[in-house]
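The values are calculated or read from the model by the stated rules, or taken from the named source; none is laboratory data. Computed from a predicted model, the values in this text were never measured in an experiment. For neighbour counting, all protein chains shown are included, and Cβ atoms are generated from backbone atoms with ideal geometry for every residue, glycine included. For the accessible areas, the whole protein counts, side chains as well, though only heavy atoms, and no ligand, DNA or RNA atoms are used. Shrake-Rupley method; radii C 1.70, N 1.55, O 1.52, S 1.80 Å.
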Amino acid sequence: MFEFKLPDLGEGVHEGEVLKWFVKPGDTIAEDAPLIEVETDKAAVTIPSPRGGRVVSIHGEVGQVIHTGDVICVIDDAGAKPFAKKPAESKPPETAKVVEPAKAATPAPVAAKSAEPGRPVPAAPATRKLARELGVDIRLVAPSGPAGRVTSEDVRAFASGSVSARPVAAADESVPAFVPGAAAVPFVVVEPLPDFSVFGPVEKEQLRSVRRKIAVRMATSMTIVPHVAHIDDADVTELDAARLRLRETMKDKPEGRITLLSFVAKAVISALRAFPGFNASLDPVRQEIVYKRYYNLGIACDSPKGLVVPVVRDADRKSIAEIAASIADVAARARAEKLAAQDFQGGTFTITNIGPIGGRLATPVINYPEVAILAMFRVEERPVVRDGQIVIRKMLPLVLGFDHRVVDGADAARFVNHVIARLQDPIRLLVEA
């Protein structure tokens, strides 16, 4: 009997949530055939079977979190072809230690594709073990196996220096970069929680996948970024009237559902062009500000698994109707949990629309490593003073959260003033759009 333990998933990922089993007890499985699909906090990963044989038992219900080293499957591999012992596996450790793949490797492009950013390198546990024994960074090994898998032969060839390293994929920008020596936050000590059950009944829920990712990103943003919020109101009486007229004329067209959010998005693009510091990121390691000359808007969406921020790309090149259609598309796919990993990448500025849910005001958390986020709230009819007279107008509360390391309060005021000026002058906004 072979007990298969959850292997090291790589890139610091040591646990995952069971999404799907491809087998059940009693089934026969071939070596390298899909065994289980696991969702980490980065992506869903399909793990192949390391042995062929009859599945005796599986361990881990769908939705359960399993950890590296847990026995997840027992396979009766009697009669199955055993693993062939490779010559390199019998080498003494001393021989393996003298191998320096980093020096032997030349970072020249090869035919093999780079690993997708943020995803573990597909390889069998035995191959990973061999790579560790030979001191090989498996991420640098060009795969030759089925479905882009790294084989033991690939590792040995790399260790011998007979093949070149493959290009290392760019880091997943959704994951905060590791900064040696800077991980600890002074004066921050996380103490264990007390036992709440001594005061009354409690229920516990494992922090999983998307919720865990949200927790990491929020804690990172609030720990690293000095947040400041700037609050103001936009009089959208004329804009809302124009929007409703536009919707009526376009009601029979697919892109006819023009929302207030799409106008705000266009006004934000205009402000980002005028104040590029809000479309930037601060690199604390290189101590430089990275100004982005493209405009990809993150749209905060409520999904069954929690808050997600898919990206509307090249929003500056889209009309208001096209932005409305793009927002409707990502929001629908967020609700249906159909968003792909690339849908979350490349955002430069985030908008969150709290209006449909309610609430007066709130301070949004910056979607790190972006510099700012704009929250819009429910439009209210309020009495305001115009030309010495009290009149009822439709007012849109706006809250801009920004990184005070990059931009100042005066910049934030000018940015919001710019947005408000466009929203209060719909003709100008439409002309600029």
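Would you work out what percent of the accessible area of the range 193-300, with all protein chains in place, is carbon or sulfur (probe 1.4 Å)? So the carbon and sulfur contribution to the accessible surface is 55 percent. Above 21 Å, the calculated P(r) of the range 244-315 contains 47 percent of its Cα-Cα pairs. Here is the list for the range 209-258: trypsin sites (Lys or Arg not before Pro) lying in DSSP coil, each with at most 11 other C-beta atoms within 10 angstrom of its C-beta, are LYS251. In the range 289-433, a dipole from Cβ-located charges (positive for Lys and Arg, negative for Asp and Glu) runs towards its positive end, and of VAL309, ILE354, LEU400 it is ILE354 whose Cα lies farthest in that direction. Taking 0.36 nm per residue of sequence separation and removing the Cα-Cα distance, the SER160/SER57 pair yields an extension gain of 33.2 nm. For the range 215-285, taking Cα atoms only, Rg and Dmax work out to 17.7, 52 Å respectively.
For VAL385 and ARG414, the FRET efficiency from 1/(1 + (r/R0)^6), where r spans their Cβ atoms and R0 equals 22 Å, is about 0.40.
Of the heavy-atom accessible surface of the range 306-354 (probe 1.4 angstrom), what whole percent is carbon and sulfur? Answer for the range 306-354: carbon and sulfur cover 49 percent of the accessible area. When the charge dipole of the range 179-331 is built from unit charges on Cβ atoms (+1 for Lys and Arg, -1 for Asp and Glu) and taken about the Cα centre, the candidate among THR259, TYR294, SER281 whose Cα reaches farthest toward its positive end is TYR294. Spread over its residues, the convex hull of the C-alpha atoms of the range 24-75 is 76 Å³ per residue.
Each peptide among 308-314, 421-427 gets the average number of other Cβ atoms lying within 10 Å of its residues, and from highest to lowest they stand as 308-314, 421-427.
Under the simplified labelling scheme, the VAL71-VAL198 pair shows an inter-label distance of 3.7 nm, with each label point 7 Å from Cα along Cα→Cβ. In this calculation the C-beta distance from ASP137 to ARG211 is compared with R0 = 41 Å, giving a FRET efficiency of 0.85. When the C-alpha to C-alpha distance is required to be over 31 Å, the pairs from LYS20/LYS318; LYS251/LYS318; LYS20/LYS292; LYS213/LYS292; LYS24/LYS305; LYS253/LYS338 that qualify are LYS20/LYS318; LYS20/LYS292.
Could you run the Debye sum over the Cα atoms of the range 323-433, one equal point scatterer each and no solvent, and tell me log10 of I(q)/I(0) at q = 0.13, 0.15, 0.21 Å⁻¹, two decimals? Each listed q maps to, in turn, -0.67, -0.88, -1.41. Annotation for VAL189 and ARG378: the two label points, set 7 Å from Cα along the Cα-Cβ direction, are 4.4 nm apart.
Distance between the 7 Å Cα→Cβ label points at TYR294 and ARG149: 3.4 nm.
With a cut-off of 20 Å on the backbone N, the residues of the range 194-216 near the modelled label site 7 Å out from GLN64 along Cα-Cβ are 204-210.
With r defined as the distance between the Cβ atoms of THR249 and ALA126 and R0 fixed at 51 Å, what FRET efficiency is calculated, to the nearest 0.05? So, using R0 = 51 Å, E works out to roughly 0.20. Translational diffusion coefficient of the range 243-394 (Stokes-Einstein, Kirkwood radius from Cα pairs, 4 °C, 1.567 mPa s): 77 µm²/s.
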